[in-house]
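Working notes for the structure below.
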Amino acid sequence: MRRAKKIKINHNSEFDLDLAPLLAVMVKLVPVLLISSAFVQMMVIETELPQVVSEAIQKQENDPIQKNITLDVDPTQGFTIDISQNNQSTNENIPLKNGLLDFEELHKHMVAIKKLHPEIFKLDLNPDAKIAYKDIVKITDELRQAHDPNIKFPVFDSKKGKVTETPFMFPQIIFANMMEGTHNGKTTSL
Amino acid sequence: MARRHRFEPNIKKNSTFALNITSMTDMFTILLVFLLQTYSTSDVQIIPEKGLRLPTSASLSSPTEATKISLSTSALKLGQTQIAVVKNADFLAQDLEEHDSNFIKPLFDELDKIAKNNPEKDHVKEGRIILQADKELPYATLRKVMYTASMAGFPQLKLITLVGE
């Protein structure tokens, strides 16, 4: 009986992978991506708020006990925080640090205020006419939410019927002095 | 005497050779990953104005469709059209209302036209504007733009910033 012929397979053989089609695809993809790439990322100061926070803002607007927080910014005096409730107000001043606005201290103060008044989400901002736009943007950054991810504020979720937590402090900032000198009551908010 | 033959190397005229493209593919792969990272998925394209230095912010919200206004140290533009001149970080007296120094007449006229001609557009209905402003401009100048825009029926202001701390 004839023995079956053994086919010799060289397990150590090498072969060249044809990369030409892959390269062709890449050559076409690179110009497409180059055109649509954004090398300068631009964002907007706008906060998409969770529903519970939006509801809390609505609740604050309808609240008969008028509780209001106002932040005045002056290039010579620093920050002045005014908390008014039932026609009574308290003031806190954050002086300049080395002749500049102390943003770090402002954030610490605002976190402390938010802990005391977790139901307030709206803040009136009154910057002085000389305050630079970059400083206004920095202030809004300090006010919007706590930098420390471990710091959370209680907010009541009416749908679940229990208190949840949010990192937002004062997401609704209103330029309250925008209409100064006019008789119109309109304001611009972020 | 035998004549000496000139040495001719043995080269095949019609030979082909395989180009090693592995390193080139590597390079393209890295480039592709980098470009995919910077790929813009935003539905609104904002062209940065020349000479305008935007402030940086920690905000990470992408811009949405809105009326675009840019305020640099030299001009106020609506889209790409210049509507007022800015000099020494303020508007010229001729562009401001006589009895209301916060009111920029040409801006109000243009925004009013937009509001009347495109009432069906969502961003016009809601009164949304996107403002690109130079970071060194004082609030007094910005306030005039905000004030005029809100008077023209555009009270929802979105400030454009660069990503950063």
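No lab work stands behind these numbers, since they all come straight from the coordinates. Treat the numbers as computed from the prediction; the structure is a model and nothing was measured. Virtual Cβ from ideal backbone geometry, glycine too; neighbours counted across all protein chains shown.
List of remarks:
- Take the Cβ atoms of A:D74 and A:E14, set R0 to 51 Å, and the FRET efficiency comes out at 0.10.
- The calculated FRET efficiency for A:A24 paired with B:S61, based on their beta-carbon distance and R0 = 35 Å, is about 0.35.
- For B:V44, no residue 5 or more places off, or on another chain, has a built amide H under 5 Å of its own.
- Ranked by how many other Cβ atoms sit within 10 Å of their own Cβ, fewest first, the residues A:E119, A:E165 fall in the order A:E165, A:E119.
- Relative contact order of region B:56-163, defined on C-alpha pairs under 8 angstrom at six or more residues apart (%): 32 percent
- Subtracting the Cα-Cα distance of B:E136 and B:N88 from their residue separation scaled by 0.36 nm leaves 16.1 nm.
- The long axis of helix B:22-37 is offset from the longest Cα principal axis of chain B by roughly 10 degrees.
- Counting, for every residue in B:139-149, the Cβ atoms of other protein chains within 10 Å of its Cβ and taking the mean gives 5.
- Sorted by Cβ neighbour density within 10 Å, fewest at the top, the residues A:F168, A:F15, A:F103: A:F15, A:F103, A:F168
- Pairs from the table (B:K105/B:K144; A:K97/B:K158; A:K159/B:K125; B:K77/B:K144; A:K97/A:K130; A:K114/A:K134) lying more than 20 angstrom apart at Cα are A:K97/B:K158; A:K159/B:K125; A:K114/A:K134.
- Backbone phi angles across region A:84-99, fed through the Karplus curve with coefficients 6.51, -1.76 and 1.60 (θ = phi - 60°), yield HN-Hα couplings of 10, 8, 6, 6, 10, 9, 10, 10, 9, 10, 10, x, 5, 10, 6, x Hz in residue order; Gly and Pro are listed as x.
- Treating each Cα of region B:56-163 as an identical point scatterer and summing with the Debye formula, the log10 of I(q)/I(0) at q = 0.24 Å⁻¹ comes to -1.43.
- Calculated FRET efficiency for the pair B:V33/A:K159, C-beta based, R₀ 30 Å, to 0.05: 0.10
- Pairwise centroid distance, computed over Cα atoms, of region B:97-161 with region B:12-91, Å: 25 Å
- Built amide H within the under 5 Å cut-off of B:A133, gap 5+: B:L71, B:I160
- Cα-based reach from B:K121 at 16 Å (exclusive), listing lysines while leaving out same-chain residues under 8 positions away: B:K68, B:K113
- Cut-off 18 Å, label 7 Å out along Cα→Cβ of A:K108, residues of region A:72-101 by amide N: A:78-81, A:92-101
- Crossing angle, helix B:105-117 versus chain B [Cα axis fit, 0-90 degrees, rounded to tens]: 80 degrees
- For B:I83, the shell of other residues with beta-carbons less than 9 Å away shows a net charge of -2, using +1 for Lys and Arg and -1 for Asp and Glu.
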